[in-house]
Every structure is written in C-alpha cells, then in structure tokens.
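Please read the structure below before turning to the comments.
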Amino acid sequence: MTVRSLHPPAPDRKAEAPSKGPLVRRLPRLLCSLLLVASAGATATGSASAADSEDARSVIPLDHVVPAPVSVRPAGDPYAIGSRTVIRVPDRSREARKAAEQLAGLLRPSTGLALPVTSRGGQDGIVLRLGGDRELGSEGYRLDSSRRSVTITARKAAGLFHGIQTLRQLLPASVEKGERQPGPWRVAGGTITDTPRFAYRGAMLDVSRHFFTVGQVKRYIDQMALYKINTFHLHLSDDQGWRIAIDSWPRLATYGGSTQVGGGPGGFYTKDDYREIVRYAADRQVEIVPEIDMPGHTNAALASYAELNCNGVAPPLYTGTEVGFSSLCVPKEITYDFVDDVVREVAAMTPGRYLHIGGDEAHSTSHEDYVAFMDRAQAAVAKYGKTVVGWHQLTGAKPVKGAVAQYWGTTGTEQEVVDAAKAGTRLVLSPANRIYLDMKYTKDTPLGLSWAGYVEVRQSYDWDPGAYIKDTPSSAILGVEAPLWSETLSTSDHIEFMAFPRLAGVAELGWSQAAALDWDSYRTRLAAQGPRWSALGIDFYRSPQVPWPAE
Ligand code: TNX
C-alpha cells in the first residue's frame, strides 16, 4: 500500500475552520499572546527593527505544547539560541550529561550551531539542573526562560528529559529536520512548572500479527517519548507469531515466529535485539512491558511444541485474524514448566517492573481452567520478581495483591472490574472505543478495524480517565495506554498513520490535569504538531476536526 493511499479524500476546507469557542475558553491564549506582544514592545530599544518585534511575536507561546503543562507563566523576553549558546550540565551527573547530549544531538543538525556541552560553571545558555522542589517528583520539571538562559530543573533525569521534550515544542517545527534551517531559534520568556497526573502513560505495539524490526520499534519509541509517554508494552506472542527468543524452548521463535498475518515471513527478536530495545527505551525514559499472552492467543506456541497440546498434536501455524480458538493445556504439568521457563527468561532480560501475561479472549478455556491457570501464571511472575499485568479478564479470576488490570472494554461498567479496583487492583485504561489506535478514524480509513466503532480524534481525546470506571475513584487508576493491534498494519507508515494524531491525545490524558483537558484548547495545540510531524517524516491522519496550519 502506498503512503498516499492512506489518505481519504481531502476534507471540505470549510469544515476545517476552527469553531469559534466561547470567548472565555479562548481568553487565556489571547491574553498570553497579548502579553508576549506587550513584553516585546516594552523591551524594544530604540534600535529594534520591525523585523525584531515580528520575530518576538512569532515565538511559540509557552502554553502551546502537548501535553498541556500544569502551570505556565509567560514573562519577559525570549531566549535566543545562537552561536554563543552552550549547554550546561551539573558536574557529576552522567544522566544529566546524557540528556544534554541528546538535546545537542537534536539541535545541532537543524540549527547548524556548535552547542558544546560543558560542566563548567555559568548561568547563561541552556542549563540543565538537578534539584528543585520536592513537588517536582520523579518525572516533573521546571523550565525558566529569559533573555539570558533557558534553565530546566528536575530532581531526576526523567524530569530533565521531559523538560527537553517541552523545549523542543517551544522551538519552530523545523528544528526537527535533519539539515540546516534558517531559524531564528527563540524560546518564549517565562516559567513552566510541570508534573504528570498519572504514573503510567503507555503505548502498545502488536509485533505478533505483523512483525516489526528493531529499527521500526525504535522509531515508534522516539515518537512516543516526544509526548512524555513512559511505558511501552510489547505484545510479543499471539496465535500468528512468537516474537522473542527463549533459550529453553527454541522452536517458539524459530518456528512459531516464522510467519504472520497473511503468511509473510514473520520474524523474532533475539535476546540481544530485545536488550537493545530495552536500552534504547531507557535512554528515552521509557520502560518496556513485555507481554506473553496466555492461556489463549497461543497457537504459535502450540504449533511449535506438540506436548503443550492436550491431544499431543501440534496444530499448523496460523496466518488468519480470528481470535479465541487456542488454549494452552491447563491440566498438563508441562504447561507450567513452559510458563516458568518463559517467564524466567523474559523477566531476566527485563529491568522494568512489569510482566504482562495477557489473559484476554480465552474463549477455548473453561472458566474453571482459566482461574486455575491464571493463579499459577501469576505465581510465576511473582517468583521472578515482577508485577503482574493482565487484560481486565484477569479480574474475573483471582488477581494477586499488587496486580494491574488493563481495561479494554467500551463502557467502564463491568462489575468485576469495579469490584477488583475496590479491592486494590490498579487499572490501566485502554477503552477500545477511545484509544485503540487500530480502530478506523472513519468509515473511509483504509487501515484498521471497526469492531469498537470509528474513533475520530475528538472521540479519542474527549473523556476523563479519572472518572471513567463506574464508582471507582481516580486513585485506582494507574494510568492510560493506547494499544496498536497490527492485523491490518505492516509498515512504519501504517503505524504512524493510525497513531498520529491520536497518540498525542492519549499522552495528554495521561499527563495533564483533569482541569486542563479541554477539546477546544487541545485541538489548537494539536494542530501545531502537524508541521512537527511533517518535519519528522511522520505521515499522520489530517483529521478534519483539527485546524491544521498550511505547511
Ligand atoms: C481485541 S484487546 C484483542 C486483540 C485484537 C484486537 C483488535 C485484546 C486484549 N484482544 O486480540 O487484536 O481486539 O482490535
């Protein structure tokens, strides 16, 4: 499929005009722009040219970022990144230096500036500082911008990284390009103080239905990290393919990974590949959650080892898209040898806290067997020191203490889920009719599925994760995650067309305060991301609900 064919017919231009929201909603932005113009005027010296004030006006307002920050105070002059700018980091922090090098690596190609990273003292330039208020927590940051410097302060490297992502969005979209651009590179003056609402802000990629290479996975990690997503869930096994090398059961990958939906060659990650993904993600403050889906969705494993089947006969590999037909053999003891080995090996190469054991759509497993199986699978995860995550069907079994259930329903009313949350099971929300990124945007979307309905950008954004599950306080919600199932997707262009713009909205739902979630404000800020995505080579869906600027 060519990239161009991803686009439905061009929308009616008139339909794209931004709706005139109530003035009250638009006031903060209006005020902010006025302040910027006023401050530019107030500081203009006699020699300032009209072009200077034009530039000052064109600076991106501090509140024009996604996800919306907690607090924004525009003030004073912009900072101009120029030939004398250095990037300063604290003396002894390797992590801060790494963040500084990442920032330099981003800015140098497009600005053409040297931007040396230094730990010599000094207060000018771009300054990364470790410290600041306790309230910043482990991921928060403060960004102070003035004529002399842009300072990002955070208590941890994750906060510095997130602050740098905000700084990126305050610079013109062309900063994302790989070759030298004209600039100017100005950052509006003022202060942003920012912390996340939820600890878990995730994206998931199904690498089983179609295999994606390490390079494709890294590209997606880069894209999510730009929006402060901090968790990447890899759906590593399903009926159509087993994608991770397991030394004690080698045929899982070599045979079980040898095809995919439609019958392509498939593929799998060696242990080194997987460690490389983990490391790449960690450098971007993203934690990997590996999923081995059990006891259903296991045809690839059952095809690889006859002894895992109750009848001792291996089924053929599967390249279709039906679900619910496969099950591990619950009464056989060898099943638990398999589970123990797989969980042990996957846990050993995963530094993150979580291990996802699936548990969805086990339609070929009796309820009694399902409960018995999930008991033992959860015990294996605990044995190897990880926290269990399961799809929310786990709440119909016996979730262990500390377990996390991933909700993928469409109503938020399932009693088992509500009861489990009350009993202490934490929830990650992935409602399919909101943030399943594989759902078509409209009936004309050439990729994706529609079993949970069409999910346009507003439908995806316009809900509050804290108030979504019936009778459940927001304290039970660990966060949100956007799954991307790949029955119909096989290239990076496909991933990006389905993820963007919706993934940015999921990031905002996870990061920004409930009071900041506002469609009219969001769609304007989202529109500004379009040129950034173009600069990054991301082929996104130009939803007619969003007032994209001409590029
Ligand atoms: C449901 S969500 C599934 C997946 C499919 C997806 C397609 C879940 C836990 N199971 O097996 O790929 O729908 O949208």
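Where a number appears in this text, it was derived from the coordinates with a stated rule and is not lab data. Since this is a predicted model, take the numbers as computed values, not measurements. We place every Cβ from the backbone using ideal geometry, glycine too, and count neighbours over all the protein chains shown.
A few notes on this one:
- Relative contact order for segment 170-305, counting Cα pairs under 8 Å that sit 6 or more residues apart, in percent: 26
- Mean separation of Cα pairs under 8 Å and 6 or more residues apart, divided by the residue count, gives segment 283-375 a relative contact order of 42 percent.
- Neighbour-count order for TRP451, TRP185, TRP463, fewest beta carbons within 10 angstrom listed first: TRP451, TRP463, TRP185
- Links that overshoot a 19 Å alpha carbon limit, given the list LYS271/LYS401; LYS218/LYS271; LYS401/LYS422: LYS271/LYS401
- Counting every other Cβ atom within 10 Å of each residue's Cβ, MET374, MET439 order from fewest to most as MET439, MET374.
- Bridge type composition, the chain - antiparallel percent by DSSP, nearest 5: 30
- For ALA75, the residues 5 or more places off, or on other chains, whose built amide H falls under 5 Å of its own are GLY189, GLY190, THR191.
- Taken over the chain, the percentage of Cα pairs per 20 Å bin, counting from 0 up to the bin with the maximum distance, is 21, 53, 23, 3, 0.
- Residues whose amide H falls under 5 Å from that of GLY352, counting only those 5 or more places apart or on a different chain, are ILE288, with hydrogens built in the peptide plane.
- Across the cross-link table entries LYS156/LYS398; LYS228/LYS398; LYS228/LYS386; LYS98/LYS440; LYS177/LYS228; LYS156/LYS440, which are compared at the Cα atoms, the separations over 29 Å belong to LYS156/LYS398; LYS228/LYS398; LYS98/LYS440; LYS156/LYS440.
- Assigned charges on the beta-carbon of Lys, Arg, Asp, Glu; the chain dipole about Cα centre (debye): 2240
- Backbone geometry of segment 156-166 corresponds, through the Karplus equation with coefficients 6.51, -1.76 and 1.60 at θ = phi - 60°, to 3J(HN,Hα) couplings of 9, 4, 4, x, 4, 4, 5, x, 5, 5, 5 Hz, x marking Gly and Pro.
- The string of couplings for segment 512-518 from the Karplus curve (6.51, -1.76, 1.60, θ = phi - 60°) is 7, 5, 3, 5, 8, 7, 8 Hz, one whole number per residue in order, with x for Gly and Pro.
- For segment 405-551, the residue among GLN459, ILE477, SER512 whose Cα projects farthest onto the positive side of the dipole built from Cβ charges is SER512.
- Counted charge near GLY163, where neighbours are those whose Cβ lies closer than 12 Å (Asp, Glu -1; Lys, Arg +1): +3
- Placed amide H near VAL127: partners under 5 Å, 5+ positions off or other chain: ARG88, VAL150, THR151, ILE152
- Translational diffusion coefficient (Stokes-Einstein; Kirkwood radius from C-alpha pairs) of segment 115-251 at 20 °C, 1.002 mPa s, in µm²/s: 121
- Neighbour-count order for ASP337, ASP206, fewest beta carbons within 10 angstrom listed first: ASP337, ASP206
- Karplus 3J(HN,Hα) series, Hz, for segment 267-278 with 6.51 cos²θ - 1.76 cosθ + 1.60 (x for Gly, Pro): x, 8, 8, 5, 4, 5, 4, 4, 4, 5, 5, 4
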